[in-house]
1. Name every residue in segment A:236-252 that is closer than 29 Å to A:Asp113 by Cα and either touching a Lys or Arg at 6+ places or on another chain (Cβ under 8 Å) or part of a loop (DSSP other than H, G, I, E, B) (or both), in order of residue number.
2. If a residue counts only when it is of a type in the set (Ser, Thr, Tyr) and either at pLDDT 90 or above or crowded, with 17+ Cβ neighbours inside 10 Å (or both), which helices (runs of 4 or more DSSP H) contained entirely in segment A:280-373 have at least 3 such residues?
3. Is at least one residue of segment A:262-270 in contact with a Pro (Cβ under 9 Å, 6 or more places away or on another chain) and part of a helix (DSSP H, G or I)?
4. Here are some residues: A:Lys72, A:Lys100. Which one is buried (at least 17 other Cβ atoms within 10 Å of the Cβ) and away from every other protein chain (no Cβ under 14 Å)?
5. So, in segment A:154-186, exactly how many residues are closer than 26 Å to A:Val205 by Cβ and in contact with a helix residue (DSSP H, G or I) (Cβ under 6 Å, 6 or more places away or on another chain)?
6. Looking at segment A:204-230, which of its residues are closer than 24 Å to A:Leu359 by Cα and surrounded by fewer than 18 Cβ atoms within 10 Å (Cβ to Cβ)?
7. Return only the number of the condition from (1) more than 21 Å from A:Leu348 (Cβ to Cβ); (2) surrounded by fewer than 21 Cβ atoms within 10 Å (Cβ to Cβ); (3) in contact (Cβ under 8 Å) with a residue 24 or more places away in the chain that A:Met178 does not satisfy.
8. Give the residues of segment A:131-152 that are modelled with pLDDT under 85 and crowded, with 24+ Cβ neighbours inside 10 Å, sorted by residue number.
Amino acid sequence: MWTGDKMITNPNAYDLIVAILNAIGVYNIILGFFQDLGMEYILRVIIVLVIIAVLLVFVLLTVMFLSWLERKMFAVVQSRYGPMVTGPRGLFQPIADGIKLLGKEDIIPAKADRWIFTLAPFVVFVSVLLVFIPLPFGRSLIVSDLKVGLLYIIAISAVTPISILLAGWASNNKYSLMGAIRAVAQDISYTIPLAITAIAVVVFVGSLSTVDIVNAQSGYWFGFIPKWFIFLQPLGFILFLIACIAEMGRIPFDFQESEQELVAGFFTEYSGMKFAMFFLAEYAHLFAVSGIIVTIFLGGWTGPALPFIPFELTSLIYFMIKTYAVIFFAMWLRDTVPRVRIDQLLNLGWKIMIPLALLNLLLAAFVVTAGVI
Amino acid sequence: MDIVFLVLSIFTIISSIMVVGSKQLVHSAVYLAGALMGTAGLFLLLKAEFVAWAQVLVYVGAVVTLILFTIMLTRKGEEENGE
């Protein structure tokens, strides 16, 4: 069953760029130029840097759009207009916000731990960005198809609580510390059902690679039901969705920044660029987690191929449509649902979700061993 | 490859020394996270991806978080006096 050690690698963005350059007919010229210099590796480095730059710009643009979408949806739910002044329908509001945050004074509290206070927002942002590396945006639109992609995603997500804890502690403020402790208690209790439900999917696929997981979901049952894992594992999908929303700290579970009790949670003392880092990380996390949900349960980039359009492009569009559907659901939930209590949250996590996740894993193991699928 | 190995090793060793050398417990925990990350990097160099990310998940994600959690819940008062 285990196919993680297979030698065939799925195409990634690097291969795609090489293929495009070959199609235009310039790859060999460029390669020859660098080979004359005896520095072939520089070409590899340049291509990798281009991929990283494209990914970064794409994520930042999405984050800006998401922050606009969130405010706009919140406004529509409350029968308001939301941002309207800057740009068409207020679309340039995130840019104005960004300029405002960049221009603000960067305050470090006198009793704060300067190094850790400065380090924490960057660690949060980088650890969220790293999640995008094994995320397949479309066929061969993936930075690196790691053989242990899903484990990598879970491992990197597990680093975030440390930086949140450090941010809360370094601020030297009781509200920050309370927010951080709540955030981490929530994070570590919901990572367990998250990981167990992800394992149930891995049991079906037999590989931890995200591309293999997506490939396993291509095709149809009875000719019309897509082979997505949501139909195979409805319980697993619901558990994973709840655990993801809790991990992100969005509204039914937003204890880390519950405004009525703690001022703003663990980033109370942050201002200017460092606050912007937390803000960016929050929306990048929303995008990343929605992408992971789509990849694992909603078929990733699979969909019917259209004539005359390269499948790389259509698959990207399918992926984005599904991801925005999940994001829309998370935002809708935020606008309409009140916050639960902290004891209810922890009871839900430990007493209900973990047993159900284990049951789900057991069912998956039975189904696979019995050879039904 | 050799340069990467050297950088990672030096990073890991310095972090490990700083774990026992630094005066603040929270700083020690951060250096511990750094040392364990460096070890995960060394595993990656050996092409042992699974071990490397399991190391990050279990040690950095769980053990260091628990250590930090414990420090913060128990030793806050002493650290404030120490400053």
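1. A:Gly249, A:Arg250
2. On the way: elements: A:311-336, A:342-347, A:354-370.
Output list reads A:311-336.
3. Yes, there is a match, as at least one residue in segment A:262-270 is in contact with a Pro (Cβ under 9 Å, 6 or more places away or on another chain) and part of a helix (DSSP H, G or I).
4. Result: A:Lys72 is the single residue among A:Lys72, A:Lys100 that is buried (at least 17 other Cβ atoms within 10 Å of the Cβ) and away from every other protein chain (no Cβ under 14 Å).
5. The total comes to 6.
6. A:Gly206, A:Lys227 - these are the residues of segment A:204-230 that are closer than 24 Å to A:Leu359 by Cα and surrounded by fewer than 18 Cβ atoms within 10 Å (Cβ to Cβ).
7. Going through the list (1) more than 21 Å from A:Leu348 (Cβ to Cβ); (2) surrounded by fewer than 21 Cβ atoms within 10 Å (Cβ to Cβ); (3) in contact (Cβ under 8 Å) with a residue 24 or more places away in the chain, A:Met178 breaks only (1).
8. Passing the criteria: only A:Arg139.
The values are calculated or read from the model by the stated rules, or taken from the named source; none is laboratory data. Because the structure is predicted, anything quoted here is derived from the model rather than measured. Cβ atoms come from the backbone with ideal geometry, glycine included; neighbour counts cover every protein chain shown.
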